[in-house]
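To start, the structure itself, in C-alpha cells.
None of the figures in this text is laboratory data; all of them are computed from the coordinates on show. Remember, predicted model here, so these are calculated numbers, not experimental data. Heads up, the Cβs are rebuilt from the backbone with ideal geometry, glycines too, and the neighbour counts pull from every protein chain shown.
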C-alpha cells in the first residue's frame, strides 16, 4: 500500500504543463514597472496605459492567466487524488489494525487452551503393548506351525 501511495504522489506531483511558461518574478517585475494614469473620458472614469504596458497586460490576461488557471485546476485534481490516496492509506491501516487485533485474540485463545490439550492417542496397532502381544502370538504360531509341519513331514517318511 505504501508503494501505491508513493507512486500516486509521484505521478501527480509532476510539474504542470504550463509551469515553465509562467515566471512569477518576471511577471512581478513587469507589473511593478507599469504606469497608469486615471482619467475621465466622455463622463466615465477610466485608466490609461502606454501601448507597451497595455500589450503586456493584454497578454497577461489572455494567455498567462488562462495558463495559470489551468495549473490551478491541475493542482486541484492533484490535491483530490492525493486526498483519496491518503484516505485509502488510512483505511488500509485501519484494516491492518483490525486484522492484527483478530490475530492477537486468536493467539490468546490458543495459548489458553494449549495446556488442556492432550496428545492424540496412538492407533491401536501403534500401541507398544499390542505390538509386543502380536509379536508373541505370531512368534508362537510360527514356532508351533513349523513344529507341526516338521512332525507331519517326518511321519510321512
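Per-structure values
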quantity: Fewest-first sequence of 124, 48 by Cβ atoms within 10 Å of each Cβ; calculated: 124, 48
quantity: Segment 36-82 versus segment 114-157: alpha-carbon centroid distance in Å; calculated: 106 Å
quantity: Order of 53, 23 under a 10 Å beta carbon neighbour criterion, fewest first; calculated: 23, 53
quantity: Per-residue Cβ neighbour rank within 10 angstrom, fewest leading, 133, 71; calculated: 133, 71
quantity: More than 14 Å apart - percent of Cα-Cα pairs taken over segment 41-89; calculated: 70 percent
